[in-house]
Structures are given as structure tokens and as C-alpha cells.
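Below is one structure, written out as C-alpha cells, with a few remarks after it.
Every read-out reported here was derived from the displayed coordinates using simple, explicitly stated rules and does not represent laboratory data. The structure presented is a predicted model; accordingly, all values stated were derived computationally and were not measured. Note that each Cβ is placed from the backbone with ideal geometry, even for glycine, and that neighbours are counted across all protein chains shown.
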Amino acid sequence: MKKTVFLGALTVASFAAGLASAGTLEDVQARGKLNCGVTTGLTGFAAPDANGVWNGFDVAICRAVAAAVLGDGAAVEFTPTTGQTRFTALGSGEIDVLARNTTWTFSRDVDLKFEFAGVNLYDGQGFMVPKDLGVSSAKDLDGATVCIQTGTTTELNLADFFRANNISYEPVPIETNAEAQQQYLAGACDVYTTDASGLAATRATFENPGDHIVLPEIISKEPLGPLVRHGDNEWGDIVRWTLNTLIVAEELGVSSANVEELAKGTNNPEVNRMLGTEGNLGEQLGLSADWAKNIIMAVGNYGEVFERNIGETTPIGLARGLNAQWKDGGLLYAPPFR
Amino acid sequence: MTTLSDPHQDSFKLSQLIYDSRYRSMTIQAVALAAFVLALGWLVNNAVVNLAAAGKDFNFSFLSVRAGYDINQRLVEYSSDSDHLRAAYVGLLNTLLVAFMGCILATIVGVAAGVLRLSHNWITAKIMTVYVESFRNIPVLLWIIAFFAVLTESTPAPKAFRGAEPEATMWLNDAVAVTNRGTYIPAPVWGDGSWVVVVTFFLSLAAIVFFGRYAQKRFERTGLSLPTFRIKLAIFAVPAVLVFFVMGSPIGLEYPALKGFNFRGGFHVRNSLIALWLALSFYAGAFIAENVRAGILAVSKGQTEAAYALGLRPGKTMNLVVLPQALRVIIPPMISNYLNLTKNTSLAIAVGYMDLRATLGGITLNQTGRELEAMMMMMLIYLVISLCISSAMNVYNKSVMLKER
């Protein structure tokens, strides 16, 4: 009898443990660290430097969330995930947020039960080929061997593209970007396909980047963004408004250089509301009043993050393009802080 | 007066369940069973509750949804328009293919290495020791990746075959191309009347079996032996070749040729398959070699000496005296080696080989998000495969087991 009672208690306890994970914010605060899922290594997006410190465009999202929640952009535990393991890691609660250039799609949002916090990079799938292959269009790739990262939207787009154009290809499924790079450089595949930004990042690490070209065709829409689990709306709000803070800060001219100054109070009410000198937006999120200031202090605004990691001055050399502010003809349009 | 020597009426007390050795074992079993059922119930309940909490249901309807991805190695018709069930089937066939090829090669390698390790030639024996120890003691995943890396890095890309003075040339009179994407070999083209040749060939195979039995009987009856090997070889080749030419060479060969980016035509044996096949075979072969060696050593030396005393030559001694007895020891561990090899094929994704784990447990799982369903299906399928291998090998084991009369 005692055994049954014990097992019953165990069952109840485990349910309680299962349900407790609904309060991600409390979990993260109690832990003192944010568990963030990133790639296994993609220069410019998420890669550890020589000292083992993670850096990159996606890493900045992790650091921004940590700064908002814990006040410290360094309080992040990075979990490298592959295209195949990322959703399981997020779904099982191993990570609190996934910032791993993940495409926002209907089925991931609805069927896989995730919540996309927004878009941090508007991207599209492209093809990279060696220059000496003599190919100028993706439609000339009939019969080519194509390296793809398995478990991604790219392999579905690829199948659709070749099918729609009625040409054949030989897919070579690869687990990680590093392996794909090795296979591509060894000539085991003619073409490497992934998001155009990923191709630029990969090419930047080549010995002779000039020997490879990215074909003009962009065959898909790839809105990439951070995501969280369904069912914890408070946590989803925090990640969403962290991303919005980065975008709005650039729009309003708040940067890591002047945020200290502006946080003392300005004559722009929206800046004041965002930085916590007016209103109680931070409190509404369950965070401190200076949460947005901490974000900007830790990583800067969207423009700074972009330029520092993947912008035109970096080896990756991406232009802002679609990722410019809406005022500059881009798609970045964050809702107001009100 | 009633007698006092009446047998004592057993009155059952609850404490007897623990203190009476007649009941104690049953008590322990009952408690263990209850604990097991409770634990199982807890696991199932936990899964149900957590699935409900995550807003997920448990159903297999995703299997009939369009898969949308392509698979490079297909043994059956498949396109991105096929459903996930079909994709899983393609993956299953790829798993079975490499497992089957692996078991055969592992047996050949293992038996050869096991016998050679007992060789009196010092160098041969030591080389086999090095082989066995190095393969047995390094994880098979590393071997798979190592084989793949060697195949990819050391072989030429298809474009090296192009041009007037190519850097690489095809082998065997332009029939075989070894590239870093795989090996291209000629494929048969079945013309009119080729079925006659095929039927003749299979009839020859049947004839060889019949001839073997006849020769055996004749030997037992008269004591005279025939040159069976040469006769069997003749039966194997001559009729099929004759019919082939009589029918006007209906079976042709399609040679691979460089067209566009890749070789086209012929069979394309991908490097992922070759690497996986070789690595698994050599890895399992090292274990089999040890089993074979143990089996042979388990046969008492007296048996060999007795056979020599009767005048049997070493070859016959091995075939007629030692091996039949050694097999009894070799077969049971062999079963587990085959099972291990089959299960290890699930490491295929490391080299991008599209097996069951890569299709159903990889891309399908990922695109549909049905982890529990896909994992359970995979476990069930691997379990069924393993049980089939195990029962087939057990039947064979029965036939070589020591028969007590």
C-alpha cells in the first residue's frame, strides 16, 4: 500500500514538474541563466570565437533576451542545435528560446506548437556554385548534385523548385553547415543551397571566396526569427518585445552609444516609455523598468547588431536590403511602444 | 476419544506471505509485477498528460501526407509527391540493403580473419591481430566517417574526367568510374528474350544442387569421388553462355558516361553506401573473427590429431571434422553480431545515407513534428527486423546443433 502511495506521490510530483515549466520567466530568473538554442556554428550568425565566447546575429537575440530578463547579456547558456534537433530541444524545454535562423512557416507555428516572436532577418533560399562550373542560372542545374542541410525548409523548397522547372538533381543530405562546406569544397556536390545569408556567411570563411558565386535566383521566402514554445504567452511577449526593442531603437535613434544619456529622460515620449523613464511597460512584462536600456547596452540596436555581425563591413557583407527600416524602404516595421 | 494425532488444520495467516517459504516467492513476484505495471502506467500517463499539456495528439495520419522531399537512393519508385509512408518504406529498403550486404561481407571478412589469425605464419597472424584489435576498439561511427572521408577526399570529382587530357580516367576499358560522389558501374539492359537466359541460369543453379547430392550419394555408395568443383563450374557457366549467344546476346550493358554535371547511365553506387557498408562490415567482421577463432580453438586438438591419424588431409580435416563442431560454438554469438550490424545501420545519417532513421526518423519526423509516433514506429520496425534475423539464425543454429540420439 505504501508503495502505491509513494508512486502516486511521485506521479503527482512529476506532473507538477511538467506544469511548472509553463512559467518560463520564473524558471529563467530562478536559474539566473537563459538557455538559448543556436546553430552548431555559422559565422556571423552564431559561432564561438577564439575565446569560446559566442558571437553573431542570432546570438545577439539571445543576449538581448538575457539582458531584458536578467539584466546581464552574458547570462546565456548556448545550446548548439542542428536542423534536426532544434525543435525537439525547444519542445522538450531544454532551451527557453530558439534563435537559429529558423524560417517562420505555418506548420511550425500551428502544428509543431511554436510561437514565432517576429522576424529578425528577411531571407530567401539561394544557390552557391564554384565559378568554374560555368553556371549562371539555377535553371541550368539539370542533373547537378546538391548539398542540403537536412531537416530544414530548404530541402522542401529545393524539391519544389526542381520539380516546377522539370529538371533533375541528386540531393546529398548533410547534418551541419560545417560538413556541407567540407563536402562542397571537396567537390562532392556541385551546388550548396541554403538561405542566401547563410551562403554569404559560409562563403566568407572560404580560402578564396571570389571563386564561388551565389546564383541570382532566390527561390523562396525565408522569414527567419526567434521562437518559443506555445502556451506561455508571457514569455512569448518578452521575446517578441525584446526583438521589437532592437528594431524600434534603431528607428528612434537609440543606440548603445547614447542610451545612457537618453535614459535620463528625453522630450520624445516613446523613447521615454521604452527606456522606462515614463509609464510602466517593464512592469507590465514582469521585468524591471530599465529592461530595454539593458538590451541596448548589451547588444546595441538592430542596425548595430546587423552591421557588427553580417553587415557590409564584415566578411559576410550583406546589404540591408529588405532588412532596412520601413522608412528606408525595407520591411522592418515594429509596433509602437504605447 | 478423539485422537490428538489429527493432521493439523492449516490456518492461513497473512504473515505467511512473507515468512513462509512456500508463499514468499509468489509474494515477491506479485509485488514486482505490480510495481512494473505501475511504472508502465506512470510512463504512459506521463506521456498522455504532457502531450495534452503541449496540445499535441497521438495519431498516424501524417503518414499519408505528401512528403515533399527527395531521396537520392531509391530502390522503389518515389518522388517528392509520394507520402511519408512511402518515404519510410524507401528508407527501410535502404536499411535492409546495407544490412544485408554488410552481413555477407562481415561474414566473409570475419571468417577469413578468424582463420588467418590462427595461421602458423607469424606475419599473417599478427596483421590479423592488428586488424581485429583496431576495429574492435574504435567506435564504429568514427570508422564510418573515416571511410567516407577517404572516399570523398581521395577520389576525383566528375569534372576531372572532362576534357581532352583529363586528370582522371575510367577503369576497366571505360566501364567503371570512381568519383568522389560514388562509383558508377555498368548496368544490364534487358532485351527481348533475355528471360530465357535468366531462366537457364537459374535452372543451372538448380542442376548444381542436384548434382551435388548425386555426387554425395555416389561417393557414399561406391567410395569413388568425382571432380565436383570443375563439373559444377561447367554447369554454372556453359548453358547460360550458350543460350546467351543462341538468343543473339539479348542482355546488353549500359555504360556510365559523363553528361553535364555527373555521370549518367549504369548503376550509381553512392559513396555513402560504400562507406557505410565497408565500415559496418569490417567492424562486425572483427567481432566475428574472434568468434570464429574461439569456435575453432574450442574443438579439442585430439579431434584434429585423430583425423590426421585416419589419413585425412588438413583441408578435409578442417571441413569435415573441425568446422562442423566449431559451428556449434560460432553460430549463437554470430546472431548477435548480425543484430548489432543491422542496428548500427542507423548511424547512416552521419554520411547522409538515407536509411529508415534518416527518412522516417529524420526528415519526416522533423517536417511533421511527430516525434513520439515516428520514434515508436522506428523502434517497432527495428524490433521486427531483429526478431526476424534472430529467428532465421536460430533455425540454422538448430540444424548445426549437437544432435543427441
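Any idea what diffusion coefficient chain A gets from Stokes-Einstein, in µm²/s, Kirkwood Rh on alpha carbon pairs, 37 °C, 0.692 mPa s? Write down the numbers at each step before the final one.
Working: Rh = 21.2 Å.
Rounded, D is 155 µm²/s.
Which helices, taking whole DSSP H runs in chain A, have alpha carbons extending 24 angstrom or more along the helix axis plus mean Kyte-Doolittle at least -1.0?
Numbers: long enough: A:2-20 (27 Å, 1.24); A:233-251 (26 Å, -0.12).
Long hydrophobic helices here: A:2-20, A:233-251.
Connecting C-alpha atoms closer than 10 Å in a GNM of chain A, tell me which of A:245, A:105, A:39 has the biggest fluctuation.
In the Gaussian network model the winner is A:105.
Which whole-number percentage describes the relative contact order of chain A, with Cα contacts under 8 Å and a sequence gap of 6 or more? If you can, show how the numbers build up before the last one.
Values: 627 pairs, mean separation 71.0, N = 338.
Reported as a whole number, the value is 21 percent.
For the pairs B:126/B:398; B:316/B:403; B:301/B:398, note any where the Cα-Cα span goes beyond 29 Å. Numbers along the way, then the final one.
Details: B:126/B:398 34 Å; B:316/B:403 22 Å; B:301/B:398 25 Å.
From B:126/B:398; B:316/B:403; B:301/B:398, over 29 Å: B:126/B:398.
Have a look at region B:130-225 and give its Rg and Dmax from the Cα atoms, expressed in angstrom.
Values for region B:130-225 (Cα only, Rg and Dmax): 23.7, 67 Å.
Work out from phi, with θ = phi - 60° and the Karplus expression 6.51 cos²θ - 1.76 cosθ + 1.60, the ³J(HN,Hα) of each residue of region B:319-327, listed in order in whole Hz, and give x for Gly and Pro.
Values, residue by residue: 6, 9, 10, 7, 4, x, 7, 5, 4 Hz.
Residues with amide H under 5 Å of residue A:79's amide H, sequence separation 5 or more or different chain, H placed in the peptide plane at 1.01 Å from N; which?
It is A:36, A:37, A:38, by chain and number.
Please list 3J(HN,Hα) in residue order for region A:74-85, calculated via the Karplus relation 6.51 cos²θ - 1.76 cosθ + 1.60 where θ = phi - 60°; whole Hz, with x for glycine and proline.
Listing the rounded values in order: 8, 7, 10, 9, 8, 10, x, 10, 9, x, 7, 9 Hz.
Please check chain B for the longest run free of GluC sites (Glu not before Pro) that are loop-located per DSSP (anything but H, G, I, E, B) and have at most 11 other Cβ atoms within 10 Å. Walk me through the numbers before you get to the answer.
Numbers: sites that count: B:77, B:167, B:404.
No qualifying site falls inside B:168-403, the longest such stretch.
Quick query: amide H of residue A:220 versus all other amide H atoms, modeled in the peptide plane; which residues come in under 5 Å with a sequence gap of 5 or more or a different chain?
Residues meeting the criterion, in which the H sits 1.01 Å from N, are A:125.
In square nanometres, what is one fourth of the surface area of the convex hull spanned by the alpha carbons of region A:125-220?
Values: hull surface 21.0 nm².
Dividing the Cα hull surface by four gives the mean projection, 5.2 nm².
Among A:218, A:296, A:247, B:331, what is the fewest-to-most ranking by other Cβ atoms within 10 Å? Provide the component values of the computation, followed by the final result.
Values: A:218 16, A:296 27, A:247 22, B:331 19.
Taking fewest neighbouring Cβ atoms as first place, the list is A:218, B:331, A:247, A:296.
Using bins 5 angstrom wide from zero, how does P(r) for region B:192-249 break down, in % of all Cα pairs?
So the P(r) values, bin by bin, are 4, 20, 23, 18, 13, 10, 7, 4, 2, 0.
In terms of modelled amide H atoms, which long-range or inter-chain residues lie less than 5 Å from the amide H of residue B:191?
Sorted by chain and number, the residues that satisfy this are B:251, B:252.
When each pair of different Cα atoms in the protein assembly as shown is counted once in the 1/r mean, what is the Kirkwood radius in angstroms, to one decimal?
On the way: mean 1/r = 0.0321 Å⁻¹.
About 31.2 Å for the protein assembly as shown.
How big is region A:171-320 on each of its three principal axes, counting only the C-alpha atoms and giving the largest first in Å?
59, 38, 23
Which one of A:109, A:140, A:27 has the biggest mean-square fluctuation once chain A is modelled by GNM with Cα springs under 10 Å?
A:140
Considering only DSSP beta bridges whose two residues both sit in chain B, what percent are antiparallel, to the nearest 5?
So the antiparallel bridges in chain B amount to around 95 percent.
Using a Gaussian network model on chain A with a 10 Å cutoff between Cα atoms, which of A:180, A:204, A:159 fluctuates the most?
The residue that fluctuates most here is A:159.
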